[in-house]
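**Q** Below: one structure in structure tokens.
Here, each number is a calculation from the coordinates, and none is a lab measurement. It should be emphasised that the depicted structure is a prediction, and the values quoted were computed from it without experimental measurement. Glycine also receives a Cβ, built like all others from the backbone with ideal geometry; neighbour counts cover every protein chain displayed.
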Amino acid sequence: MAGNNTDQPHPDSHFDVVVIGGGIQGAGVVQAAQAAGYNCLILEKNYWGSGTSSKSSKLIHGGLRYLQSWEFSLVRESLRERSLLLSLAPQLVYGNWFYIPLYKGSRLRAWQLRAGLTLYWLLSGCRSDARFKVIPPAEWPELAGLKTAGLKKVYRYRDAQTDDAKLTSAVIQSAASMGAEVCSPAEVIAAESTPEGYRVLIKTSVGQRTVHCRFLVNAGGPWANRIARRITPEPGHLEVDLVQGIHLLLDRKISDRCFYLESPSDGRAVFVLPWYNTTLLGTTETGFDGDPDQVLPTAAERDYLLGILRHYFPDYDGRVCGEMAGLRVLPKATGGFHQRSREVEFVENSHYLAIYGGKLTGYRATAEKVLERIGKKLGPASAGRRGDTCRLPLTPAAEQP
Ligand SMILES: Cc1cc2nc3c(=O)[nH]c(=O)nc-3n(C[C@H](O)[C@H](O)[C@H](O)COP(=O)(O)OP(=O)(O)OC[C@H]3O[C@@H](n4cnc5c(N)ncnc54)[C@H](O)[C@@H]3O)c2cc1C
């Protein structure tokens, strides 16, 4: 990657902001803070997006199903971000049609879905070319072999897909192009509070280095609480549940379109998506209490997803050619994971902020909220504003000059 990317930060460097974790949230924060004029460093222990940010369903969406849990402001914000990303990153974020079949016995009722899709369309700005519709039965045979026995209605609506890892790298590249120092692999092994902020000890492929910052951002995703424990004094943490979600890759593309399916066993939404020349099938929600570096799909999760695929596409003969597992960070609570809020939460103290949860889609909006808090603590940046994340284009790394 171009810019100031090195695997070894300059010894004893001083920064306004150091960000730990090069997933989408860390990438967003370093881009926003560097654009605002702060002098920033981001540290990633593996490669950009190597954590959850390359294991998502790769949807840039408002989250139709979050309307069922009344998360209207999250859906509204995400739809706004979707529309912005479609224009800022046209090579990385692209619209597609999503099909929802309703069968005799489906838990979701046609009136509920119609109400949800209407609201979704209203919240996304009522674009006439993105209006949902009912697919007439005469067109059902064109739906890639979707089971028609018991099929009552098929709805189609508009949403967007991305390549999550490439999107993360593009945001990192945007920060680097404005002068941020971006280091990977670089693992934060300890940090200590100082009168000015924090001293941060980093392990790189060539040894250890120390940097100083006025503000420390913990964007460690599922590792956030482990990172917090490496900081002296411990800055506090949020009680969370880590929830594993897997995807299977199947070697034959079912369709260029996307399918939003109701799991017959538990009613959860499961997606069947085109992904390059394969099919991406996911996801699951399985409680996880191990080491986030060791997250792996289980046999029960594979069976669950393949069972749903076979149920809806009985003649599909693609084979599993890959799999991935990621971890959601959800606020600790009792009850099902499916109903938990997907809103981002922060834990802060005077020179520190940790990000918990949130969505890939909303990373830019989250970063702007973090930036507002950094601004309150540090005051205006000494350098002038270098850009505005609402306007900075994002291009895939391979296509950059
Ligand atoms: C199965 C699944 C599907 C999802 N699907 C979608 C979707 O379709 N659309 C959507 O909008 N959202 C989706 N999400 C949510 C979204 O993927 C996540 O919210 C987002 O990727 C989290 O990004 P993050 O930067 O917080 O965490 P991560 O991407 O996990 O980044 C944290 C990074 O910190 C690094 N790190 C850890 N410890 C250290 C250390 N000591 N030093 C340096 N670096 C360290 C890790 O290596 C990692 O790269 C999904 C989530 C899951 C689990």
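**Q** Suppose a student asked you for the relative contact order of the range 299-401, using Cα pairs under 8 Å spaced at least 6 residues apart; what percent would you report?
**A** 14 percent
**Q** Next question, about the same structure. Please identify the DSSP H helices in the chain that span no less than 18 Å along the helix axis (Cα) and have a mean Kyte-Doolittle hydropathy of 0.0 or more.
**A** Membrane-span-like by this rule: 72-88, 110-123, 164-177.
**Q** Could I ask something else about it? Suppose we take every Cα in the range 240-331 and form the convex hull; what volume per residue is that in Å³?
**A** Hull volume over Cα atoms, normalised by residue count, gives 102 Å³.
**Q** Another question, if that's okay. Semi-axes of the chain's equivalent ellipsoid from the Cα gyration tensor, sqrt of 5 times each eigenvalue, largest first, rounded to whole Å?
**A** In descending order the semi-axes read 39, 21, 19 Å.
**Q** How compact is the range 272-373 by the rule of thumb for globular proteins, expressed as Cα Rg over 2.2 N^0.38 Å?
**A** Compared with the compact-globule rule of thumb, the range 272-373 sits at 1.38.
**Q** Output the relative contact order of the range 172-250, whole-number percent, from Cα pairs under 8 angstrom with separation of 6+ residues.
**A** 21 percent
**Q** Charges only on Cβ, +1 for Lys and Arg, -1 for Asp and Glu: so what's the dipole of the chain about the Cα centre, in debye to the nearest 20?
**A** For this selection, approximately 1280 debye.
**Q** For the range 237-288, which trypsin sites (Lys or Arg not before Pro) pass both filters: DSSP loop (anything but H, G, I, E, B) and at most 13 other C-beta atoms within 10 Å?
**A** The qualifying sites are R252.
**Q** Hey, another quick one. Which whole-percent values make up P(r) of the range 70-131 when all C-alpha to C-alpha distances are grouped in 10 Å steps starting at zero?
**A** Whole-percent P(r) values from 0 Å outward: 18, 45, 29, 8, 0.
**Q** I would also like to ask the following. Using unit Cβ charges (K, R positive; D, E negative) and no other charged atoms, how large, in debye to the nearest 20, is the dipole of the range 240-331 about its Cα centre?
**A** 380 debye
**Q** Still on this structure: Determine the calculated [θ] at 222 nm for the chain from helices alone, applying -39500 (n - 2.57) to every DSSP H run no shorter than 4 residues and normalising by the residue count; nearest 500 deg cm²/dmol.
**A** After summing the helix terms and dividing by the residues of the chain, the value is -7500 deg cm²/dmol.
**Q** A follow-up question, please. Around Y352, which amide H atoms from residues at least 5 apart in sequence, or from another chain, sit under 5 Å from its own amide H, with H modelled in the peptide plane?
**A** Residues meeting the amide H criterion: L216.
**Q** Taking 8 Å as the Cα distance limit and 6 or more residues as the minimum spacing, I'd like the relative contact order of the chain as a percentage.
**A** Answer for the chain is 26 percent.
**Q** Given the C-alpha centroids of the range 104-134 and the range 263-330, what is the distance between them in whole angstrom?
**A** 25 Å
**Q** Here is a follow-up. Tell me, how many Å apart are the Cα centres for the range 15-34 and for the range 220-237?
**A** The range 15-34 and the range 220-237 have Cα centres spaced 16 Å from each other.
**Q** Determine which lysines satisfy two conditions relative to K133: a Cα distance under 21 Å, and not lying fewer than 8 residues away in the same chain.
**A** Cα-Cα hits under 21 Å: K104, K147, K152, K153.
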